[in-house]
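S.K.: My questions all concern the structure below.
All of the numbers you see were taken from the coordinates with simple rules; none came from a lab. Bear in mind that the values here come from a model prediction, so they are computed numbers and not experimental data. Backbone-built Cβ (ideal geometry, glycine too); neighbour counts: all protein chains shown.
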Amino acid sequence: MRRTALLLFVCLLGMSVQAQKHPPQPKPAAPPKPYGPVPTAAQVAWQRMEMNMFCHFGPNTFTGLEWGEGTEAADIFNPTALDCNQWVSVAKQAGFGGIILTAKHHDGFCLWPNPMSTHTVRESAWRNGQGDVLRELAVACMKGGVKFGIYISPWDRNAPTYGTEAYNKVFLKTLRHAHTNYGPIFEQWFDGANGEGPNGKRQVYDWKKFNGQTKRLQPDAVIFSDVGPGCRWVGNEEGRCGRICWSRLDVKGYGPGVDAPSQDTLNAGNYNGACWVPAETDVSIRPGWFWRESEHPKSVQELLEIYYNSVGRNSLLLLNVPPDNRGLIPAEDSLQLMEFRAALDSIFAHDLAKKANYVSVSNYRTNDKNPRMEFWNSVRTCCGPWPYHGYWVIRDDRYDSYWATDDTVTTAWVELIFNEPQTFNRVMLQEYIPLGQRVEKFHIEVEDENGNWRTIAEETTIGYKRIVLTETVTTKKVRVVIDQSRACIVLNRVGLFMDNILD
Ligand code: FUL
């Protein structure tokens with residue numbers, strides 16, 4: 001009897017020690033629900049490319065015109081040393097993930113032997129009519145590991161059927177040919193310009209069919225037009241996305257070109273837009289879209305400014321680098337690009353946030369799988385409200401790890417604490433866009449040596465990426481305060497950088 005009681009006592013003791021070793025964990029909350037319209041997987045992959053290269057190339061490269069008339073002789077197109085591998089190599093070294101070529105600009109000349117046209121490389125003397133720029137670039141991109149995209153202008157100043165219903169069929173077949181013979185494309189670029197054709201008529205485009213067929217033939221291609229559906233025009237050609245930039249857009253009742261929403265709306269997006277249509281910032285490295293001997297590329301400072309105003313404002317940058325009349329990217333352009341790359345590397349290679357000794361957040365969601373957070377979860381359970389030190393996930397490079405707040409918490413802060421003072425002037429923030437765009441107001445504070453906090457920036461949207469340009473500050477404590485979010489906060493990155501070039 002006594003022996004049984006002793007055994008029972010030992011068992012109970014063991015169970016209680018066990019319970020102390022593993023205090024009850026708070027019930028994990030479900031991951032945040034998506035908020036509003038969200039991007040497709042292709043749109044997320046596209047946005048993560050951040051910078052792509054545009055190549056305007058065609059008869060205009062030889063005539064100096066910006067918009068060719070469509071009456072130019074095909075023989076005008078005659079690059080003497082075309083080398084698409086050189087384009088790809090420049091693009092790769094500059095850090096572009098994809099190249100988009102003007103396979104057909106408004107003059108109608110096709111850089112591939114399009115059977116629907118009699119105004120193509122096939123009719124030119126270039127390589128005795130056997131050349132195909134689209135093929136060369138597609139192959140070079142595949143070899144170089146760069147994605148390949150196509151610009152095909154719906155406006156055609158050469159096609160005899162332009163301005164009649166027959167043209168829509170011609171255009172559909174033109175698209176079909178390009179979309180079935182050159183491998184996968186990551187982006188189809190539809191220009192909104194719609195002028196007169198050879199008979200003085202304008203075309204009523206069948207966008208529904210153009211988009212529908214493109215989606216069927218190239219399901220992973222993001223379709224660009226003024227209003228998407230994959231991505232939208234940013235509303236200007238100066239490389240400037242809005243300081244407020246929603247990736248949402250209302251497209252119902254709108255269309256590309258004359259039917260597009262106002263340029264201001266395209267620049268900022270719609271707060272309550274029903275569709276996910278992120279902004280693409282297209283801008284040329286030179287004054288014109290096509291190469292001209294008399295023109296020269298922008299400086300590194302100008303390119304950096306464009307980068308901050310596009311990639312740094314929740315947009316993708318599509319930088320036009322036009323090949324010259326030899327069919328090569330000119331040395332002066334590639335030199336500027338290499339300097340631009342070196343500048344970006346010098347700024348963004350050193351994320352000072354990674355040196356933080358502590359990371360605290362005012363709230364975090366209890367679903368966190370991070371063991372460190374589970375520990376702090378239990379501290380919170382025992383001790384009540386607590387600033388949650390140890391929230392490292394916010395500064396790592398993994399895309400799918402994020403800091404999220406509880407469902408009801410739409411105001412919160414994250415603080416980076418350093419043992420040694422850090423000097424920076426760029427703060428990079430990223431929302432985890434697969435779950436939608438949420439933040440609409442935030443500010444950044446730093447603590448001075450007397451322990452006083454000072455606001456150094458007040459901004460609005462974040463989106464995929466926001467790079468805030470601040471004065472140069474030296475501090476041991478930085479706090480990003482989300483003042484207003486449309487649903488619980490989901491940030492996957494806070495970075496701190498020093499830019500000595502565009503100070
Ligand atoms: C515009 C065109 O008219 C320009 O020539 C250029 O192609 C630019 C990217 O889009 O709408």
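S.K.: Figure the gain on full extension for LYS215 and ARG486 (residue separation times 0.36 nm, minus the Cα-Cα span) and round it to one decimal in nm.
M.R.: On the way: separation 271, 0.36 × 271 = 97.56 nm, distance 3.15 nm.
Difference between extended and current length: 94.4 nm.
S.K.: Using helices alone, I'd like the mean residue ellipticity at 222 nm for the chain: each DSSP H run of four-plus residues gives -39500 (n - 2.57), total over residue count, nearest 500.
M.R.: The helix contribution divided over the chain gives -8000 deg cm²/dmol.
S.K.: Something else about it: Which FRET efficiency, nearest 0.05, do ALA81 and ASP406 yield, Cβ-Cβ r, R0 56 Å?
M.R.: The value I calculate is 0.35.
S.K.: To continue, here is another question. How about LYS169: which lysines have a C-alpha closer than 18 Å to its C-alpha, ignoring those fewer than 8 places off in the same chain?
M.R.: LYS104, LYS201, LYS208, LYS209, LYS215
S.K.: Also, quick follow-up: Given charges of +1 on the Cβ of Lys and Arg and -1 on the Cβ of Asp and Glu, with all other atoms neutral, how large is the dipole of the chain about its Cα centre, in debye to the nearest 20?
M.R.: Around 2520 debye, computed over the chain.
S.K.: Using +1 at the Cβ of each Lys and Arg and -1 at the Cβ of each Asp and Glu in the stretch 41-348, identify which of VAL170, ALA274, VAL204 lies farthest towards the dipole's positive end.
M.R.: Ranked along the dipole, the leading option is ALA274.
S.K.: Calculated FRET efficiency, ASP448 and ARG48, Cβ-Cβ r, R0 41 Å, to nearest 0.05?
M.R.: My answer for the efficiency is 0.65.
S.K.: Using the Cα gyration tensor of the stretch 448-503, with a ≥ b ≥ c the square roots of its eigenvalues, what is the shape: rounded (a/c below 1.5), prolate (a/b larger than b/c) or oblate (neither)?
M.R.: oblate
S.K.: Taking the stretch 271-374, which GluC sites (Glu not before Pro) meet the DSSP loop condition and have no more than 12 other C-beta atoms within 10 Å?
M.R.: Answer in residue order: GLU293.
S.K.: Here's something else I'd like to know. Between GLU295 and GLU458, what is the FRET efficiency for a Förster distance of 30 Å, r being their Cβ-Cβ separation, to the nearest 0.05?
M.R.: Calculated value: 0.20.
S.K.: Distance check, please: which entries in LYS441/LYS477; LYS173/LYS465; LYS33/LYS173 exceed 32 angstrom between their Cα atoms? Intermediate values should be presented prior to the final figure.
M.R.: Working: LYS441/LYS477 21 Å; LYS173/LYS465 38 Å; LYS33/LYS173 42 Å.
From LYS441/LYS477; LYS173/LYS465; LYS33/LYS173, over 32 Å: LYS173/LYS465; LYS33/LYS173.
S.K.: LYS298: which aspartates and glutamates have alpha carbons under 15 Å from its alpha carbon, excluding same-chain residues fewer than 8 sequence positions away?
M.R.: GLU237, GLU238, ASP282, GLU332, ASP333, GLU339
S.K.: Determine the distance separating the Cα centre of the stretch 278-329 from the Cα centre of the stretch 69-116; give it in Å without decimals.
M.R.: 16 Å
S.K.: Can you bin every Cα-Cα distance in the chain into 20 Å intervals starting at zero and give me the percent of pairs per bin, rounded to whole numbers?
M.R.: 22, 47, 23, 7, 2, 0
S.K.: Still on this structure, please answer the following. Straight-line reach only, C-alpha to C-alpha below 15 angstrom: list the aspartates and glutamates that LYS355 could link to, leaving out same-chain residues fewer than 8 apart.
M.R.: ASP396, ASP397, GLU415, GLU420
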